[in-house]
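*Asks:* My questions will all concern the structure given below.
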Amino acid sequence: MDPNPSNFPILSYVMNRLPSLGTKHTAPTTPIASEFHSIHIDAHPQPPSKSSTDPSSSSSQTTIVDHMPHLTDPKVLAAMTRAISDVSQTRSVLKTLGDRPDHEAVDVSKARLAAVDSDLAKKLEELVLSPRPADVDRLQWRAHLAEREQECRESAEKEKQGYKAIVQLDELHSAYEKLLKDAEQRLVKIYESAEAGGVVEDDRVEEEGLTSDQVHEEVVGILQEASGTELDRVNLSGRRLRFLPEAFGRIRGLLMLDLSNNELQVIPDSIAGLEKLEELNLSSNLLETLPDSIGMLQNLKFLSACGNKLSALPDSICQCRSLVELDVSFNGITYLPTNIGFELVNLQKLSIQLNKIRSLPTSVCELRSLRYLDAHFNELRGLPLAFGRLTDLQILNLGSNFTDLTELPDTFGDLTNLKELDLSNNQIHALPDTFGRLDNLTKLNVDGNPLVLPPPDVVQQGVEAVKVFMAKRWLEILVEEERKSMLQVQEREETGWLTRSTSWLKDYVSGVSEYIGSPRTGRDPVLDQQL
C-alpha cells in the first residue's frame with residue numbers, strides 16, 4: 001500500500017521523511033471515501049512498509065539525496081508535502097478498508113451483481129406485464145405494482161451491497177495506483193523547478209487538486225467568482241484540462257457545465273453537489289468511467305459523454321430520471337444498464353453508435369418517450385421481441401452491425417410513427433411481414449443486405465414500393481389466415497353435426513337392440529281370453 005521506492009523514489013522519500021503522513025488516520029472527507037468508510041469490511045492489519053522499517057531504507061534515502069540534494073531544502077519539502085496531500089488521505093482510507101481483494105473475488109462479485117440485476121429485470125418485467133384482476137381498481141393496482149416494484153428493488157439492493165463493496169474497494173485500489181504515478185510526476189516537476197533555480201512553490205492550486213501547468217487562470221477565476229455570485233453557466237471546452245477541481249461541486253446554482261475537448265481522466269464524485277445542473281457535456285476527453293454519484297443529478301436533462309474510453313455506464317445513471325437526451329457514442333461500451341428503460345421514462349434521444357454493444361436490455365422496450373435511437377456500428381445480434389412498444393420512435397439507425405444483425409422482430413410493424421430507418425450493411429434476408437404497416441416511413445436504407453424479401457427490383461423502386469409490396473404481402477397473409485380459420489370452423493361444425501348424428505343413431509340402434517333382444521315375458525291373460 002505504501003509507494004514502492006523503486007517505482008516512486010521521490011514520493012517514497014517524502015512520505016518516509018514526514019512520518020505523520022503515513023501514520024495519521026483521518027476521517028475520510030471526500031464523497032467516495034465516505035462511501036467506503038460506511039461499508040463494513042474487515043480491515044486486515046498492514047505489515048510495516050520497507051521504506052519505514054527496513055534498515056536498508058536509510059541507505060536508499062541517502063542514495064537518493066546524494067543524487068538529488070535539493071530534497072533536503074525545507075522549501076522543496078514543504079511544496080512536495082502539499083502536493084501529495086491527496087495521496088496521504090487516500091492511503092489512510094485504504095488502510096481503514098483493508099487489502100485489495102483478489103482478482104477471482106472481484107470477478108465473482110461482478111458476476112453476482114450482473115445476475116442480481118438480470119433477475120431484478122425479469123421480476124420487474126413480470127410485474128409490468130401482469131394482468132390486473134377484474135375486481136381490483138386501476139389506481140389500487142398501480143399502487144400495488146409500485147409497492148411490489150419497490151420491494152423487489154430494495155431486496156436486490158440489499159443482496160448487492162456486499163458484492164458492490166468488493167468491486168468498489170478494488171476500484172479504489174486501482175485509482176490509488178494511478179494517484180501514485182501522478183504524484184511522482186508532480187514531485188519530479190517541483191524538483192526540476194528547484195534545480196533550475198526557479199521559485200519553488202506548490203504546483204497545485206491549494207485544496208483543488210490541480211498542477212500549476214494544468215490549472216488555467218480561467219478555472220481559478222470561475223471558482224473565485226462562484227464564491228461571491230450565482231453562476232449558472234460554465235464553459236471550459238478546449239482548455240486542455242487534465243483535472244477538475246472538487247470545488248466545482250460547490251457551485252450549487254450551476255445549470256450548464258461544458259467540459260468537452262479536454263484531457264480529463266476522472267470526474268470527481270463531488271459533481272453530485274450540482275443539484276440544479278441540467279446540461280453536462282463531457283465529450284472528447286479520456287474518461288474510462290463515470291462516477292456513481294452522477295445519479296444524484298436529478299435535474300439533468302442533457303448528458304454527452306461521447307468520444308471517451310468508457311466500457312460501461314454506471315447503474316446509477318438510471319436515477320437521472322429527468323434525462324431527455326443521452327449521448328455515449330464513440331466509446332467501447334459493451335452493454336447498457338439493465339434497468340435503463342424502467343427508469344429513464346423521459347428519454348427522447350439515445351445515441352449509442354460506434355460501441356461494442358451486442359444486445360439491448362429488454363427494458364429498452366419501456367422507453368415509451370423515445371423518438372430517436374442511433375445504434376449503428378455496434379455488434380447487435382438482434383432486437384428485443386417487444387421492440388414494437390416504442391411507438392413514439394421516429395428515427396432509427398441500426399446500420400453497420402454487419403454479420404451480427406440477421407433479422408428483425410415481428411413486432412417491428414408496430415413502430416407506426418417511424419419516419420427514417422437505416423438497416424444498411426447487415427445480414428438481413430427478409431423484412432418482417434408486418435413491415436407494410438409503417439405508413440409514416442419516408443426514408444429507408446437497406447443497402448448491403450442479402451435481401452430476398454422484398455426482392456431487389458422492388459427495393460430499387462424506393463421506400464414507397466417496398467411499403468406497398470410488404471403491405472400486399474401482409475394482406476395476403478391475413479386473408480390466408482382468415483381462410484384457414486374459416487375452414488377450421490367449418491370442419492369443426494361438420495365434425496360436430498356428424499358426431500351428433502352418429503350419437504343419435506347409436507342411441508336409436510341401442511334402443512331397438514334392447515327391445516329385440518329383451519327376454520319374452522309371460523302370456524298376456526287378456527289375449528288368452530276366448531271370445
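The values are calculated or read from the model by the stated rules, or taken from the named source; none is laboratory data. None of the values given here were measured: they were computed from a predicted structure. Methodologically, a virtual Cβ is constructed for each residue, glycine included, from the backbone with ideal geometry; neighbour enumeration extends over all protein chains shown. Each accessible area value is taken on the protein alone, full model and side chains, heavy atoms only, with ligands, DNA and RNA left out. Shrake-Rupley method; radii C 1.70, N 1.55, O 1.52, S 1.80 Å.
*Asks:* From the phi of every residue in the stretch 450-458, what ³J(HN,Hα) in whole Hz does the Karplus formula 6.51 cos²θ - 1.76 cosθ + 1.60 yield, where θ is phi - 60° and glycine or proline is x?
*Replies:* Whole-Hz 3J(HN,Hα) from phi for the stretch 450-458: x, 5, 10, 10, x, x, x, 5, 6.
*Asks:* How much accessible surface does Y335 have with a 1.4 Å probe, in Å² rounded to 10?
*Replies:* About 120 Å², ignoring ligands and nucleic acids.
*Asks:* If you don't mind, there's one more thing I want to ask. Can you tally the net charge around H103? Count Lys and Arg as +1, Asp and Glu as -1, for every other residue whose Cβ sits under 11 Å from the Cβ of H103.
*Replies:* Values: positive: R100, K110; negative: D102, E104, D107, D170.
That sum, taken over residues with Cβ under 11 Å, equals -2.
*Asks:* For the peptides 379-386, 231-238, what is the packing order when you average, over each peptide's residues, the other Cβ atoms within 10 Å and list the highest mean first?
*Replies:* Working: 379-386: 17.0, 231-238: 15.4.
Descending mean neighbour count gives 379-386, 231-238.
*Asks:* Label points 7 Å out from Cα along the Cβ direction at E225 and Q427: separation in nm?
*Replies:* 5.5
*Asks:* Using r as the Cβ-Cβ distance of W141 and M256, and R0 as 35 Å, what FRET efficiency do you calculate, to the nearest 0.05?
*Replies:* On the way: r = 41 Å, r/R0 = 1.17.
Efficiency for this residue pair is about 0.30.
*Asks:* Something else about it: With every protein chain kept in the model, how would you rank R239, R142 by accessible area, 1.4 Å probe, largest at the top?
*Replies:* Values: R239 65, R142 145 Å².
Reading off the accessible areas and sorting them downward yields R142, R239.
*Asks:* Please give the peptides 129-138, 275-284 ranked by average Cβ packing (other Cβ atoms within 10 Å per residue), highest first, as a rough proxy for protection.
*Replies:* On the way: 129-138: 8.8, 275-284: 20.1.
Top of the packing list down: 275-284, 129-138.
*Asks:* For the stretch 223-474, what is the number of Lys pairs with C-alpha distance below 28 angstrom, counting only pairs 8 or more positions apart or on separate chains?
*Replies:* 19
*Asks:* On to the next question. For S369, what accessible surface area do you get with a 1.4 Å probe? Give it in Å², rounded to 10.
*Replies:* S369 has an accessible surface of roughly 40 Å² with all protein chains in place.
*Asks:* Roughly to the nearest percent, how much of the accessible area of the stretch 260-321 is carbon and sulfur, given a 1.4 Å probe?
*Replies:* Details: 1060 of 2330 Å².
Carbon-and-sulfur percentage of accessible area, whole number: 45.
*Asks:* Tell me, what is the FRET efficiency for K158 and S130 to the nearest 0.05, using R0 = 22 angstrom and their Cβ-Cβ distance as r?
*Replies:* On the way: r = 23 Å, r/R0 = 1.05.
After rounding to 0.05, the efficiency reads 0.45.
*Asks:* Going by accessible area, probe 1.4 Å, with all protein chains left in place, what is the ranking of W474, W141, largest first?
*Replies:* Details: W474 70, W141 45 Å².
Putting W474, W141 in descending order of accessible area: W474, W141.
*Asks:* Right, here's the next one. Hey, rough spin-label estimate for K309 and V65, points 7 angstrom out along Cα→Cβ, what's it come to in nanometres?
*Replies:* 3.8
*Asks:* Give me the extension gain from V458 to I477: residue separation times 0.36 nm, minus the current Cα-Cα distance, reported in nm with one decimal. Mind dumping the intermediate values first?
*Replies:* Values: separation 19, 0.36 × 19 = 6.84 nm, distance 1.88 nm.
Residue separation times 0.36 nm, minus the Cα-Cα distance, leaves 5.0 nm.
*Asks:* Heavy-atom accessible area of E263 with all protein chains present, probe 1.4 Å, nearest 10 Å²?
*Replies:* For E263, solvent-accessible area is about 60 Å².
*Asks:* Net charge around K419, counting only other residues with Cβ within less than 12 Å of its Cβ (Lys, Arg = +1; Asp, Glu = -1)?
*Replies:* Net charge around K419: -2.
*Asks:* Follow-up question, since we're still on this one. Explain nothing, just the number: dipole magnitude of the stretch 223-474 about its Cα centre with +1 on each Lys and Arg Cβ and -1 on each Asp and Glu Cβ, in debye rounded to the nearest 20. It would help to have the intermediate numbers written out before the result.
*Replies:* Working: 23 positive and 31 negative charges, 26 e Å.
Its charge dipole is roughly 120 debye.
*Asks:* Follow-up. Quick one: order T403, T362 from most to least accessible surface, probe 1.4 Å. Please list the in-between numbers first.
*Replies:* Numbers: T403 105, T362 70 Å².
I get T403, T362, largest accessible area first.
*Asks:* Expressed in nm to one decimal, what extension gain is obtained for the pair A111 and Y335 from 0.36 nm per residue of sequence separation less their Cα-Cα distance? Mind showing how you got there, number by number?
*Replies:* Working: separation 224, 0.36 × 224 = 80.64 nm, distance 1.39 nm.
Using 0.36 nm per residue and subtracting the Cα-Cα distance, I get 79.2 nm.
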